[in-house]
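Here is the structure we will look at, set down as structure tokens.
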There are 4 protein chains.
Amino acid sequence: MRLQKYRKTMYTSLQQECYEANMQLPKLGLVLFTFGNVSAVDRDKAVFAIKPSGVPYELLKPEDIVIMDYDAKVVAGRMRPSSDTKTHALLYKTWDDIGGITHTHSTYAVAWAQAGMDIPIFGTTHADHTHQDIPCAPVLSDEMIQGDYEYETGNQIFGVFDARKLSHKEMEMVLLQNHGPFTWGKTAEKSVYNAAVLEEVARMAYLTLQINPQTPRIKDTLRMKHFERKHGKNAYYGQGC
Amino acid sequence: MRLQKYRKTMYTSLQQECYEANMQLPKLGLVLFTFGNVSAVDRDKAVFAIKPSGVPYELLKPEDIVIMDYDAKVVAGRMRPSSDTKTHALLYKTWDDIGGITHTHSTYAVAWAQAGMDIPIFGTTHADHTHQDIPCAPVLSDEMIQGDYEYETGNQIFGVFDARKLSHKEMEMVLLQNHGPFTWGKTAEKSVYNAAVLEEVARMAYLTLQINPQTPRIKDTLRMKHFERKHGKNAYYGQGC
Amino acid sequence: MRLQKYRKTMYTSLQQECYEANMQLPKLGLVLFTFGNVSAVDRDKAVFAIKPSGVPYELLKPEDIVIMDYDAKVVAGRMRPSSDTKTHALLYKTWDDIGGITHTHSTYAVAWAQAGMDIPIFGTTHADHTHQDIPCAPVLSDEMIQGDYEYETGNQIFGVFDARKLSHKEMEMVLLQNHGPFTWGKTAEKSVYNAAVLEEVARMAYLTLQINPQTPRIKDTLRMKHFERKHGKNAYYGQGC
Amino acid sequence: MRLQKYRKTMYTSLQQECYEANMQLPKLGLVLFTFGNVSAVDRDKAVFAIKPSGVPYELLKPEDIVIMDYDAKVVAGRMRPSSDTKTHALLYKTWDDIGGITHTHSTYAVAWAQAGMDIPIFGTTHADHTHQDIPCAPVLSDEMIQGDYEYETGNQIFGVFDARKLSHKEMEMVLLQNHGPFTWGKTAEKSVYNAAVLEEVARMAYLTLQINPQTPRIKDTLRMKHFERKHGKNAYYGQGC
């Protein structure tokens, strides 16, 4: 019992960070009911915190957040973790510099994922965040689906990043065909931010093609200008802190 | 008068349940004015509670809820029940394991109903809730419309479920051509949940076809994987309670 | 000064009714800034109350409401009335059984008006309120526009109702090509209700044609069934009061 | 230190005006996170106030607002100004009668900008504010992008106004291809108003073409009638103050 108390103290701030990031999802209009989850990692302790499965946001409490290791084993917590936990675990294990992951079923991102298409880079709203099309990883093979499905979902993400030579530091978002988006970032909060940006970029790209189905991509110079002014060596967007 | 008091007490909790489920409709953005109604059944007493017809949600009180039997006769209550009451009654009479029914005119579900089309299963948001296309029951025959219309609406729902060999336990939603959706579930609250899910799935399917009119349905393995992980024997979504 | 006080008292309740109906517009999401106005008539006094021109809703007060006669002359009030006042005046003068009028630039109704098309009757949401296509009056002739424009706008409405043999009691809404909707009803409040219904029906019809451009209209029996159950001699929708 | 105090006092009201106009952007639904900025000018002091770069609206305080001169040099303030500051500076320098400027990435305006198309004038909502198509300035040349990008953005705006002989007094809005909208007006508040009008007009035009891709523009007489009744010599819209 003393151990349990110790553990509680040990993970309290990580649970709190994870809880607060999760509570941003309904506030930003990115989830209906329980259709989303956010995790936050503690690299020193080699554990991550994740939303429990199927718990409504209005009932969620910080102490409900489950603590997992990188092999998706429960370290602390009485509730069952998100059914997507293995995907989170594999991403943390493989990309050791990310600090948080968000998964949602946000409407426009899901529509592109269901259509099975990358989101083309049409403007500076997109280029301010990443300088390439947002990739849609193809649907998993039957073997992957019938095997360790959520684990293989992580592998499918790596697959599309490898095939297209994408950097997960410059492209912090992906669509999974017939499913929806995963986003990540240096913190859990940043991964939620990216989920909201992705949804808005997805909506803008949708509307753009409805207005002009022949719309070409943004030109290279403008694309890189906007990415670099925010993320490059000589970035001058923001307060530099 | 004593009898009336007894009755009031007898149905108070059912009225309350029905009232609370109805009040979710405006909160979830599923109704404009009075365009929707929810009912809740008490199987022991063989009655159901339903919203009175045409009463604005901001004026609705628990004691306004009308109590009906399965033949759509008023058992208790001073107000006129929803004009769709006979449809509810027939569904309760025929499907003896459902606990609540919701009818709305939610925007995207109505659009599919007006277009007279099933909602194709394109992704996991859909498959998490049912593993088949959401059926659109064809418009009623002139005889049915000019006869006992709301009763026949129930029969038309059974018709499409029979014709397609659908289970009302696995498919808790239907569209009626030129009209709109009905959803049901183990409780009134669950039927409202299903109405919100249907509206979101309808919106996603709409957007998907706008992006790619040739979008194929989700593959079988993924479709069944998501349905089973939430509803199958070995379901691991949620807290198992 | 005594006269002025008397007048104030004389129109206070009409101003209040008009004010409250106007304040419903932003609440129902039907106006941006000042793009809309509602009027309410007092048949005994042969005057109507209307929103002053260009006053933001958050600053509007009941005493700002202007009182006009049926020839669009100011009867009471210090502010300039809505620029659309002559249209309201002519409608009140000609249709002596209407009690309120609403004009908005609500998004979907305007889109149909700009497209210059009637809103086809596709479903029961529409048929619950009127049993025909919602007419789009053609754009006014140059002579009408350069003449007494707002007065002629009223005439253009009568023109399309005459040409199609429509009853303003059964069809309480119209679109004006390149402009937007006018709605009316027994009270100012009912005219606002109709403005909200029109916007929702316009949105549903838009989505329906996006899903299936070949969608046929709702069949006659169902169309009349829904209209009659709410508005016919043996109507059984609502509480009958 | 006394100098600093003096300066603070000197610009306090300008900072407040700029702050309040900026805070309208999230309220009107025109920005996600920090994707927008408003500036306000003081013509007597020949300075303008602008939002600091990348500061979330919920954290923004009036004293954070940065004071700049027309050559985009910081006059007062500890924070880095908006990355779009040079565009604002050049517009103030060149158009000496404007009082405020707004830049957003609002959804529908961006969609038209990404599609690289002018917004056609289809109705009176548009004509009430300007009597021509809203121009989309073509994407900048590579030299302009790789040179002094934000300064050249201002030049690109002048370029499209010159080429089409547009008056910045009658057309207070522009789209920049692949980027988004800039709007201006006599005050900062008016420039925000114009940003909201542009977004709504962009949405209506989008929907209009979805309903009828062959929609012609509004006829000249109606277009000028609506513009003149609000902005002409004999304008009769509003309270004339």
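No value in this document is a laboratory result; all are computed from the given coordinates. Bear in mind that the values here come from a model prediction, so they are computed numbers and not experimental data. A quick note on method: Cβ atoms are made from the backbone with ideal geometry, for glycine too, and the neighbour counts reach across all protein chains shown.
Key figures
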| quantity | calculated |
| --- | --- |
| Shielding score for D:58-70, defined as the mean number of other chain Cβ atoms within 10 Å | 0 |
| Contact order normalised by residue count of segment D:2-231, Cα under 8 Å, 6+ apart, percent | 21 percent |
| Cα-centred dipole magnitude for the protein assembly as shown, charges only on beta-carbon of K, R (+1) and D, E (-1), debye, nearest 20 | 2060 debye |
| Per-residue mean of C-beta atoms belonging to partner chains within 10 Å, peptide C:141-151 | 3 |
| Those residues of segment A:72-111 whose amide nitrogen sits under 15 Å from the label point placed on A:Y151, 7 Å along Cα→Cβ | A:72-74, A:84-94 |
| Order of A:R164, A:R80 - criterion: other Cβ atoms within 10 Å of each residue's Cβ, fewest first | A:R164, A:R80 |
| Spin-label zone in segment B:75-107 - amide nitrogen under 20 Å from a point set 7 Å from the Cα of B:T187 along the C-beta vector | B:92, B:96-103 |
| Residue-averaged beta-carbon neighbours from other chains (10 angstrom radius) around A:194-204 | 3 |
| Nearest-to-axis residue of chain C, judged by beta-carbon position, where the axis maps C onto A, in Å | C:Q210, 5 |
| Nearest-first distances (nm) between copies at C:K169, label 7 Å from Cα via Cβ | 5.4, 5.4, 7.7 |
| Diffusion constant of segment B:44-194 at 20 °C, which comes from Stokes-Einstein with the Kirkwood Cα-pair radius and 1.002 mPa s, µm²/s | 134 µm²/s |
| 3J(HN,Hα) from dihedral phi, segment B:217-230, Karplus parametrisation 6.51/-1.76/1.60, rounded to Hz, x for glycine, proline | 5, 4, 6, 4, 4, 5, 4, 6, 4, 5, 5, 6, 5, 9 |
| Residues B:M117, A:M79, sorted so that the one with the fewest Cβ neighbours within 10 Å comes first | A:M79, B:M117 |
| Potential lengthening between D:M224 and D:S13 on full extension [0.36 nm per residue; Cα-Cα distance subtracted] | 72.2 nm |
| Where Rh is the Kirkwood radius over Cα pairs, Rg/Rh for the protein assembly as shown | 0.98 |
| Unsatisfied cross-links (Cα-Cα over 27 Å) in the set B:K27/C:K233; C:K27/D:K61; A:K169/D:K73; A:K233/D:K86; A:K186/B:K225 | B:K27/C:K233; C:K27/D:K61; A:K169/D:K73; A:K186/B:K225 |
| Using alpha-carbon coordinates, inclination of helix A:149-163 to the longest axis of chain A, degrees | 30 degrees |
| Protection proxy ranking, peptides B:43-49, A:198-204, average beta carbon neighbours within 10 Å, highest first | A:198-204, B:43-49 |
| 7 Å along Cα→Cβ, label-point gaps from B:Q214 to other copies, nm, shortest first | 1.9, 2.0, 2.8 |
| For peptides D:173-184, C:140-151, B:183-194, sequence by mean Cβ density within 10 Å, most packed first | D:173-184, B:183-194, C:140-151 |
| Ascending list, in nanometres, of distances separating the D:G147 label from those of the other copies (7 Å, Cα toward Cβ) | 5.7, 5.7, 8.0 |
| Sites B:E58 and A:F33, calculated FRET efficiency, Cβ-Cβ separation with R0 22 Å, nearest 0.05 | 0.35 |
| Rounded to the nearest 20 debye, dipole of chain C from Cβ charges on Lys, Arg, Asp, Glu | 640 debye |
| For segment A:137-241, with +1 on Lys and Arg beta carbons and -1 on Asp and Glu, the positive-most of A:L175, A:Q210, A:Y236 along the dipole | A:Y236 |
| A:G123 long-range amide H proximity, modeled H, under 5 Å | A:I218 |
| For segment D:49-128 and segment D:144-163, distance of Cα centres in Å | 15 Å |
| Estimated distance in nm for a label pair at D:W95 and D:D71, the labels positioned 7 Å out from Cα along Cα-to-Cβ | 2.4 nm |
| ³J(HN,Hα) computed for each position of segment C:22-34 - Karplus, 6.51 cos²θ - 1.76 cosθ + 1.60, integer Hz, glycine/proline x | 4, 5, 6, 4, x, 4, 8, x, 9, 9, 10, 6, 10 |
| Rounded to 10°, Cα long-axis angle of helix A:188-211 versus longest principal axis of chain A | 30 degrees |
